[in-house]
1. Name the cysteines of chain B that stand alone by the Cβ rule: no other cysteine Cβ under 4.7 angstrom.
2. I want to check the label-to-label distance for B:GLU56 and B:LYS119. Put each point 7 Å from Cα in the C-beta direction and report it in nm to one decimal.
3. How long is segment A:4-181 along each principal axis, judged by its Cα atoms, biggest number first, in Å?
4. Give me the number: length gained by fully extending B:ARG220 to B:ARG279, i.e. 0.36 nm times residue separation minus the C-alpha to C-alpha distance, one decimal in nm.
5. Modelling each spin label as a point 7 Å along the Cα-to-Cβ direction, I'd like the A:VAL109/B:GLU103 distance in nm, to one decimal.
6. So which aspartates and glutamates can A:LYS69 reach, going by Cα to Cα under 12 Å and dropping same-chain residues fewer than 8 places off?
7. Kirkwood Rh over Cα pairs of chain B into Stokes-Einstein at 10 °C, 1.306 mPa s: D in µm²/s?
8. Counting trypsin sites (Lys or Arg not before Pro) as exposed when in a DSSP loop with at most 13 other beta carbons within 10 Å, what is the longest stretch of chain B free of them?
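All of the numbers you see were taken from the coordinates with simple rules; none came from a lab. On a predicted model such as this, the values are computed, not experimentally measured, just so you know. Glycine gets a Cβ as well: all are built from the backbone with ideal geometry, and neighbour counts include every protein chain shown.
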Amino acid sequence: MEPKRIQAPLTDEDVMSLKAGDNVLINGVIFTARDAAHKKLVELMDQGEPLPIDLTGQFIYYVGPTPAKPGQAIGSAGPTTSGRMDAYTPRMLEHGMKACIGKGLRSQVVKDALQKHKGVYLAAVGGAGALLSKKIKKSEVVAYPELGAEAIHRLEVEDFPATVINDAYGNDLYAEGAKAYAR
Amino acid sequence: MRELAASTISDHVAEMCQEANIYLGEDVFKALRKSLETEESPTGKEVLKQLIENAEIARNEQTPICQDTGFAIFFVEWGHEVHLTGGTLEEAINAGVRRGYEEGYLRKSVVTDPLYDRKNTGDNTPAVIYTDLVPGDRVKISFAPKGGGSENMSTVKMLKPSDGEAGVIDFVVNHVKAAGPNPCPPIVVGVGIGGTFDKVAVQAKKALFRPVGEPNPDSRFAELEKTILGKINDLGVGPQGFGGRTFALAVHIETYPSHIASMAAAVNINCHAARHLERII
Ligand code: SF4
């Protein structure tokens, strides 16, 4: 099946057109955040303070790249394990995030929150850091520079490949894919 | 007595850190290509192709295969007849890691204390080092940068001797099933059996240093490796957990004699970025 091209940020309509198992190519601007940045963002939400980035419609990519070599936009930049962000994801969705990209299983709470707030969870190929870095054309730190590789980066991506795992209808590729090939 | 300078060790280690992270071993390449022939799922095939392409890009552009350039793990076999000059082995290895990770633009992924500060040490030290004294005047250094994603999906269990072969199979298969897509499949499964609580984990780690797909020299354990691999792939989890026939590339078992009352077992998972390298000095 041909991958679908999608443009970040996403509307509710965009989200509802995506189904678990769809292969997509993401274009536009996405943001990075890992454990430490999520913790800071959720602390600000708890205090009712403004966030350093507007999450409305945005993609959050769970990644901590290697340092860029001279001449590179970014170093190797594959996804990290998403489960570590489970505790924060429902709050991020409440604040407008529409899609997150990582690898690995999500909790039921996250899956429910994706349905409730109309969001999707996608996986990029874990460990394909060299390949994925070529799809990132520009990278700049926009918040928490003190976190180094864990700072929030703004990335410009072109045809960044990902697969929809959990859609807004409650489908789960990890459960369904394995069923189809189990013996 | 052969004299060996600590700085020589550091030089080798610095090179090895970069080499292992940039050049995926031929053993893993071969295993990935072979699985591309047997994979039935179109999405699974696509993933395998991306992984092969990724390793080729890394090789051609001298960039790390994966952004998690790992905790630096070393197994050192030190010949009795070698005398180290100008520092300790630990210092020499850590100096090499420091230099290798900096010069190679590798990610520093080690924090000071695990619970309170969790402050990045900034140079990916300290390494985890296991040393064995062996006869002779050679030093063999084996290195693996171990990713956190797959390491987190590892475990130890004190099985009962009466659990037998079926107990070992169940333990490994169920554990790997629960790990699912998290350790970036296709995975390599290191299994330790025997020894004590601590020794069995080291054996499982050691199993990951074996060239991917090389069977255990004892035919009974080689057979068990095959059986477990078949059951793991029959789970249907497939490359990246998207569904398919290639969940694991290989199962490697390393054993150790056991106490009469015990049968310790451990699983240490490695991802498809199964980086490992050895040098004899
Ligand atoms: S599990 Fe392996 S391939 Fe996946 S992110 Fe970690 S080091 Fe990379």
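1. B:CYS17, B:CYS66 - these cysteines have no disulfide-compatible partner (Cβ-Cβ under 4.7 Å) in chain B.
2. 4.6
3. So the extents along the principal axes, rounded to whole Å, are 44, 39, 26.
4. Stretched fully, the B:ARG220-B:ARG279 segment lengthens by 18.3 nm.
5. 4.7
6. Result set, ordered by chain and number: B:GLU61, B:GLU102, B:GLU103.
7. 81
8. That would be B:120-281.
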